[in-house]
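To start, the structure itself, in C-alpha cells.
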C-alpha cells in the first residue's frame with residue numbers, strides 16, 4: 001500500500017494520470033483503500049478535513065459497502081478564499097460548490113450511532129466552499145482505486161466560516177458559480193440529502209476512518225450543490241448569498 005501511495009503522490013505532484021495496471025489488484029476493499037490513504041497521510045501533512053460520498057445505497061454499491069466513504073483534505077491542497085491556483089497543477093479538474101461544516105470537537109468512532117442533534121451540537125461553523133475534484137486514475141478505474149486516491153480531491157478552497165448557522169434555513173437557498181462575471185452553474189444548497197448536515201451524520205457513523213478520523217477544527221464537506229463544471233483559466237466566484245462568497249483565480 002505504501003508503494004501505491006508513493007505512485008499516487010508522485011502523480012499528484014506531477015499532475016499526470018496513472019494507468020490502472022496492477023493497482024486494481026492491490027485495492028479490493030474500502031479498508032484497503034483507507035490503508036493507502038493512511039500511507040498518503042504519513043507524508044502529505046496535516047489533515048484539514050474530509051470529503052464524504054456514497055451517502056445513499058445506490059452509490060455505496062460501487063465500492064461495495066453499506067456506509068458512506070471519505071477522503072482526507074490535506075493541508076498542502078487546502079486554501080482560504082480568495083485563492084490563486086494554476087490549471088497546470090491538475091489532470092482533469094472539475095469545480096464543485098459545496099456546503100461544509102467545521103467541527104468544534106472530536107467525533108470518535110463508537111457503537112451507539114450519532115444522531116443529527118449531536119452532530120449539530122458538535123459543529124461550530126458552516127463553511128461555504130469550492131472543491132476542485134481531480135482524479136489521478138482514468139475514468140474506467142474502479143471506485144475503490146479512486147477512493148484510495150483521496151477520493152479524487154485535487155484542492156479545496158474554503159470561504160469565511162459562518163458561526164451563527166443553526167438558525168439558517170437552507171431550503172430554497174441557491175449557490176451561483178460565475179467565471180469572469182458570467183454565471184456558469186447554479187444549484188440548491190440542499191442538493192445533498194435535502195439537508196447537507198446529514199452528510200456529516202452519515203460520515204460520523206461510518207467510522208473507523210483513516211488518518212486519525214474526525215477531529216476538532218477539521219471540516220467535513222458534504223458534496224456538490226451544482227453539476228460539476230470543467231475548470232478553465234479565469235476568476236471564479238461561488239455566491240452563496242447571505243452565507244458568503246468563495247473566490248478563486250485560475251491561471
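The values are calculated or read from the model by the stated rules, or taken from the named source; none is laboratory data. For clarity, every value in this text was computed on a predicted model and none was experimentally measured. No Cβ is skipped: glycine too gets one built from the backbone with ideal geometry, and neighbour counts run over all protein chains shown.
Scanning the stretch 46-72 for residues that are assigned to a loop (DSSP other than H, G, I, E, B) and farther than 19 Å from residue 1 by Cβ returns 46, 54, 55, 56, 61, 62, 64, 66, 67, 68. The single condition from (1) within 22 Å of residue 207 (Cβ to Cβ); (2) part of a strand (DSSP E or B) that residue 132 fails is (1). With respect to residue 155, determine if the residue is under 22 Å from residue 201 (Cα atoms), part of a strand (DSSP E or B) and within 18 Å of the chain's Cα centre (by Cα). Spelling it out, it is not the case that residue 155 is under 22 Å from residue 201 (Cα atoms), part of a strand (DSSP E or B) and within 18 Å of the chain's Cα centre (by Cα). Just one residue in the set 121, 140, 131 is touching a residue at least 12 places away in the same chain (Cβ under 8 Å) and surrounded by fewer than 23 Cβ atoms within 10 Å (Cβ to Cβ); that residue is 140. For the stretch 169-222, enumerate the residues that are in contact with a strand residue (DSSP E or B) (Cβ under 6 Å, 6 or more places away or on another chain), over 30 Å from residue 148 (Cα atoms) and part of a loop (DSSP other than H, G, I, E, B). Answer for the stretch 169-222, where residues must be in contact with a strand residue (DSSP E or B) (Cβ under 6 Å, 6 or more places away or on another chain), over 30 Å from residue 148 (Cα atoms) and part of a loop (DSSP other than H, G, I, E, B): just 180.
Does residue 160 fit the bill of being at pLDDT 95 or above and part of a helix (DSSP H, G or I)? In short, no. Selection of the stretch 212-233 for residues being buried (at least 20 other Cβ atoms within 10 Å of the Cβ) and either closer than 17 Å to residue 109 by Cβ or without any contact (Cβ under 8 Å) to a residue 40 or more places away in the chain (or both) yields 214, 218, 220. Checking each residue in the stretch 223-239 for being part of a loop (DSSP other than H, G, I, E, B) and within 18 Å of the chain's Cα centre (by Cα) picks out 225, 226, 227, 228, 231. Name every residue in the stretch 188-197 that is in contact (Cβ under 8 Å) with a residue 60 or more places away in the chain and surrounded by 17 or more Cβ atoms within 10 Å (Cβ to Cβ), in order of residue number. If the condition is that a residue be in contact (Cβ under 8 Å) with a residue 60 or more places away in the chain and surrounded by 17 or more Cβ atoms within 10 Å (Cβ to Cβ), then 189, 192, 196, 197 are the ones that fit. Put simply, of 75, 139 the only residue that is out of contact with any helix residue (DSSP H, G or I) (no Cβ under 9 Å at 6 or more places or on another chain) and closer than 20 Å to residue 8 by Cβ is 139. Only one of the numbered conditions (1) closer than 18 Å to residue 141 by Cα; (2) outside any loop (DSSP other than H, G, I, E, B); (3) touching a residue at least 60 places away in the same chain (Cβ under 8 Å) is violated by residue 16, and that is (2).
What do you reckon, is residue 100 within 15 Å of the chain's Cα centre (by Cα), surrounded by 21 or more Cβ atoms within 10 Å (Cβ to Cβ), farther than 23 Å from residue 137 by Cα and at pLDDT 95 or above? Here the answer is yes, as residue 100 does meet what is asked.
Picking from residues in the stretch 73-89 that are part of a loop (DSSP other than H, G, I, E, B) and closer than 27 Å to residue 126 by Cβ, the one that is farthest from the chain's Cα centre (by Cα) is 82. Screening 49, 45 for residues that are within 19 Å of the chain's Cα centre (by Cα) and surrounded by fewer than 19 Cβ atoms within 10 Å (Cβ to Cβ) leaves exactly one candidate, 45.
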